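**Q** Before we start, here is the structure in question, set down as structure tokens.
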Amino acid sequence: MSFFEIVMLVCFGAAWPFSIYKSYTSKSIAGKSVLFLYVVGAGYIAGTLHKVFYNFDLVIFLYILNGVMVFTDVFLYHRNKRLLEATAS
């Protein structure tokens, strides 16, 4: 278990609840890049798979937690996009 890996995941993970909250309450996609969210999500999936296949330890739960938060933000992005399209027509 790497201390620095834990710090990195905690620091990155600290930002996602704020992003999710903003996406949920604003119902806007302004300033969001869904491509960025998918790339970050892919990184968390890769980190999780690395833990599963090569270096299993409890840090896997931080990868999973962060991945769930990223994909929650992706879900909200698509929800907000549908809401904006519905109000535009």
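**Q** Hey, could you check the range 24-78 for residues that are of a type in the set (D, E, K, R) and in contact with a Ser or Thr (Cβ under 9 Å, 6 or more places away or on another chain) and say which is nearest to A88 (Cα to Cα)?
**A** By that ranking, first place goes to K32.
**Q** Mind checking which residues of the range 47-67 are loosely packed, with under 13 Cβ neighbours inside 10 Å and under 13 Å from L9 (Cβ atoms)?
**A** The answer is D57, L58, F61.
**Q** So is L76 surrounded by 11 or more Cβ atoms within 10 Å (Cβ to Cβ) and among the aliphatic types (A, V, I, L, M) or not?
**A** Numbers: surrounded by 11 or more Cβ atoms within 10 Å (Cβ to Cβ): yes; among the aliphatic types (A, V, I, L, M): yes.
It is true that L76 is surrounded by 11 or more Cβ atoms within 10 Å (Cβ to Cβ) and among the aliphatic types (A, V, I, L, M).
**Q** I've got another one for you. Inspect the range 48-55 for any residue being touching a Phe, Trp or Tyr at 6+ places or on another chain (Cβ under 6 Å) and within 24 Å of Y77 (Cα to Cα) and give the result as yes or no.
**A** Within the range 48-55, one or more residues are touching a Phe, Trp or Tyr at 6+ places or on another chain (Cβ under 6 Å) and within 24 Å of Y77 (Cα to Cα).
**Q** Looking only at residues that are assigned to a loop (DSSP other than H, G, I, E, B) and touching a Phe, Trp or Tyr at 6+ places or on another chain (Cβ under 8 Å) in the range 1-39, which one is surrounded by the fewest Cβ atoms within 10 Å (Cβ to Cβ)?
**A** I29
**Q** If you don't mind, another one. Taking the options M8, M1, M69, name whichever one is at pLDDT below 95 and either out of contact with any Lys or Arg (no Cβ under 9 Å at 6 or more places or on another chain) or at negative phi (or both).
**A** M1
**Q** Now for a different question. Considering only the range 31-42, I want to know if a residue exists there that is among the basic types (K, R) and free of Cβ contacts under 8 Å to residues at least 40 places away in the same chain.
**A** no
The values are calculated or read from the model by the stated rules, or taken from the named source; none is laboratory data. In this text the structure is predicted, and so the values were computed from the model without any measurement. Note that we place each Cβ from the backbone using ideal geometry, even for glycine, and neighbour counts take in every protein chain shown.
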